[in-house]
Amino acid sequence: MGYYRKMQGERIYLSPIDAAETESFVKWMNDRAVAELFGEYSKAISSKDDLKWIYEPPEHMQRYAIVLKGEDELIGSISIHNIDHLNRNAFLGIFIGEARHRGKGYGQEAVRLILEYGFKTLNLHNIMLSVHADNHAGITCYKKAGFREDGRLREWVFKDGRYVDKLYMSILEHEFLTEG
């Protein structure tokens, strides 16, 4: 299949997921830094069948590959899911799978692209996400994109022998359009 430039940024573009990329996703879902974000680290992921949620998203989800321009290298994934057209809201999920590409602003660029798509094309009003409180890089990325903290589930996630809070953050259409 290859990649299609559905949404283009300066350094990356978002494309429908290429079903041939099984190896990258299996590798990433076994990488603790990525898999813990989805509660998948305690599972053995060994095949495309274990990753149906990536390749066969449910009806109210759109998932995209994050691809570097120039090299056409897959570096992660972003999605809008639980899309509720009646109430005009949805959730966002993202990960940068390749460790060497984390901390370079690609995630923030992907978030901006998907927010623009969500607000301007899907006509959403509110886009929300959840993030573990110890994911400082993620929280910084989301705040730079305009997200605000809405709430916190105290000691919601158990990892490394301790509990971590889960934060909920959101951005409203007018906040994004005013800022962007």
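The values are calculated or read from the model by the stated rules, or taken from the named source; none is laboratory data. Not measured: the values here are computed from a predicted model. All Cβ positions, glycine included, derive from the backbone under ideal geometry; neighbour counts span all protein chains shown.
The table below gives the values:
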read-out	value
Hey, residue 3 aromatic (Phe, Trp, Tyr), surrounded by 14 or more Cβ atoms within 10 Å (Cβ to Cβ), within 21 Å of residue 118 (Cα to Cα) and modelled with pLDDT of 75 or more or not	yes
Answer residue from region 158-180, given it is hydrophobic (A, V, I, L, M, F, W, C), free of Cβ contacts under 8 Å to residues at least 60 places away in the same chain and closer than 25 Å to residue 106 by Cβ and is surrounded by the most Cβ atoms within 10 Å (Cβ to Cβ) among those	171
Residue check for residue 146: free of Cβ contacts under 8 Å to residues at least 40 places away in the same chain, over 19 Å from residue 76 (Cα atoms) and not aromatic (Phe, Trp, Tyr)	yes
